[in-house]
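Undergrad: Take a look at the following structure, please.
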Amino acid sequence: MPWTKPYQPARNQRLEAEAYSRPDRVYFMTLRAYRGQAPFREANLCQTIVQVLVEERQRQQCAIYVYCLMPDHLHMLLSPRREGLSVLTFVEQFKGKSTNKSWAVGWVGRLWQPRFYDHIVGHEESVKSIAEYVLGNPVRKGLVHEIDEWPWSGQPDSYW
């Protein structure tokens, strides 16, 4: 029987780097915790992750329209504030800094999967429906009854 290469899932195909540097676009990103873990159940770690997100938003000049930190992943809608800034750079630096800061509050090892899901949102109506999806995630998962009850989500920058 001939040897065959084992099945490997396709990698998340990225567009050219310039496609992620346009302030007139909104990007939907999903970052998953490392190897299916659910580290974001501890308040100290969640506070740390949200704090790093806010700090990086300022430092890297990215608008974050909506975010929601769930037990095993983070959703966000964001845009660079000016040409030449990249949301890919934002995500990579956020992942690195949040991992480093997580160790100070007791996390051990890797925090995030190496890859992440990204999608360039097409229309304003899509932005609104994705924002509603992101903010409604804790309710759909049965973690809270109302969107406003979830402490690890927000809308730091206005899109509308």
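The values are calculated or read from the model by the stated rules, or taken from the named source; none is laboratory data. Computed from a prediction, not measured in an experiment: that's the story for all the values here. Note that each Cβ is placed from the backbone with ideal geometry, even for glycine, and that neighbours are counted across all protein chains shown.
Undergrad: Could you check region 32-59 and list, in sequence order, the residues that are under 14 Å from the mean Cα position of the chain (by Cα), free of Cβ contacts under 8 Å to residues at least 60 places away in the same chain and over 20 Å from residue 89 (Cα atoms)?
TA: Those that are under 14 Å from the mean Cα position of the chain (by Cα), free of Cβ contacts under 8 Å to residues at least 60 places away in the same chain and over 20 Å from residue 89 (Cα atoms): none in region 32-59.
Undergrad: Considering only residues that are in a helix (DSSP H, G or I), among the hydroxyl-bearing types (Ser, Thr, Tyr) and either out of contact with any Pro (no Cβ under 8 Å at 6 or more places or on another chain) or exposed (fewer than 14 other Cβ atoms within 10 Å of the Cβ) (or both), which ones fall in region 99-136? Explain how you work it out, then say what you get.
TA: Step one: of region 99-136, the residues in a helix (DSSP H, G or I) are 99-104, 124-136.
Still in the running and among the hydroxyl-bearing types (Ser, Thr, Tyr): 99, 102, 126, 129, 133.
99, 126, 129, 133 - these are the residues of region 99-136 that are in a helix (DSSP H, G or I), among the hydroxyl-bearing types (Ser, Thr, Tyr) and either out of contact with any Pro (no Cβ under 8 Å at 6 or more places or on another chain) or exposed (fewer than 14 other Cβ atoms within 10 Å of the Cβ) (or both).
Undergrad: Need pairs with beta-carbon distance below 6 Å; first residue farther than 16 Å from residue 65 by Cα and within region 6-27, second at pLDDT 85 or above and among the charged types (D, E, K, R); sequence gap 6+ or separate chains.
TA: Between residues of region 6-27 that are farther than 16 Å from residue 65 by Cα and residues that are at pLDDT 85 or above and among the charged types (D, E, K, R), the close pairs are 12/115.
Every residue, every condition in (1) modelled with pLDDT of 95 or more; (2) touching a helix residue (DSSP H, G or I) at 6+ places or on another chain (Cβ under 7 Å), yes or no:
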position: 49; (1), (2): yes, yes
position: 82; (1), (2): no, no
position: 94; (1), (2): yes, yes
position: 110; (1), (2): yes, yes
position: 118; (1), (2): no, no
position: 134; (1), (2): yes, no
position: 140; (1), (2): yes, no
position: 143; (1), (2): yes, no
position: 149; (1), (2): yes, no
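Undergrad: Select from region 73-98 the residues that are surrounded by 15 or more Cβ atoms within 10 Å (Cβ to Cβ) and among the charged types (D, E, K, R) and list them in ascending order.
TA: 95, 97
Undergrad: Would you mention how many residues in region 125-144 are under 14 Å from residue 159 (Cβ atoms), without any contact (Cβ under 8 Å) to a residue 12 or more places away in the chain and touching a Phe, Trp or Tyr at 6+ places or on another chain (Cβ under 6 Å)?
TA: We begin by selecting, within region 125-144, every residue under 14 Å from residue 159 (Cβ atoms); these are 125-132, 134-135.
Those left that are additionally without any contact (Cβ under 8 Å) to a residue 12 or more places away in the chain: 125-126, 129, 132.
Filter once more, keeping what is touching a Phe, Trp or Tyr at 6+ places or on another chain (Cβ under 6 Å): none.
Total satisfying the criteria: 0.
Undergrad: Now, a different point. When region 137-160 is examined, which residues are found to be part of a loop (DSSP other than H, G, I, E, B) and surrounded by 11 or more Cβ atoms within 10 Å (Cβ to Cβ)? Explain how you work it out, then say what you get.
TA: Of all residues in region 137-160, those part of a loop (DSSP other than H, G, I, E, B) come to 141-146, 150-152, 155-160.
Passing the criteria: 141, 143, 144, 150, 151, 152, 155, 156, 157, 159.
Undergrad: If you go through region 39-59 one residue at a time, do you hit one that is in contact with a strand residue (DSSP E or B) (Cβ under 9 Å, 6 or more places away or on another chain) and either part of a strand (DSSP E or B) or small (Gly, Ala, Ser) (or both)?
TA: First pass over region 39-59, keeping only residues in contact with a strand residue (DSSP E or B) (Cβ under 9 Å, 6 or more places away or on another chain): 39-40, 46, 49-50, 53-54, 56-57.
If we keep only those that are either part of a strand (DSSP E or B) or small (Gly, Ala, Ser) (or both) too, we end up with none.
Within region 39-59, none of the residues are in contact with a strand residue (DSSP E or B) (Cβ under 9 Å, 6 or more places away or on another chain) and either part of a strand (DSSP E or B) or small (Gly, Ala, Ser) (or both).
Undergrad: Another question, then. Taking the residues in region 40-72 that are acidic (Asp, Glu) and surrounded by fewer than 20 Cβ atoms within 10 Å (Cβ to Cβ) as candidates, determine which candidate is farthest from residue 139 (Cα to Cα).
TA: Initial filter on region 40-72 (acidic (Asp, Glu)): 42, 55-56, 72.
Okay, now just the ones that are also surrounded by fewer than 20 Cβ atoms within 10 Å (Cβ to Cβ), so 42, 55, 72.
Values: 42: 18, 55: 27, 72: 15 Å.
The selected residue is 55.
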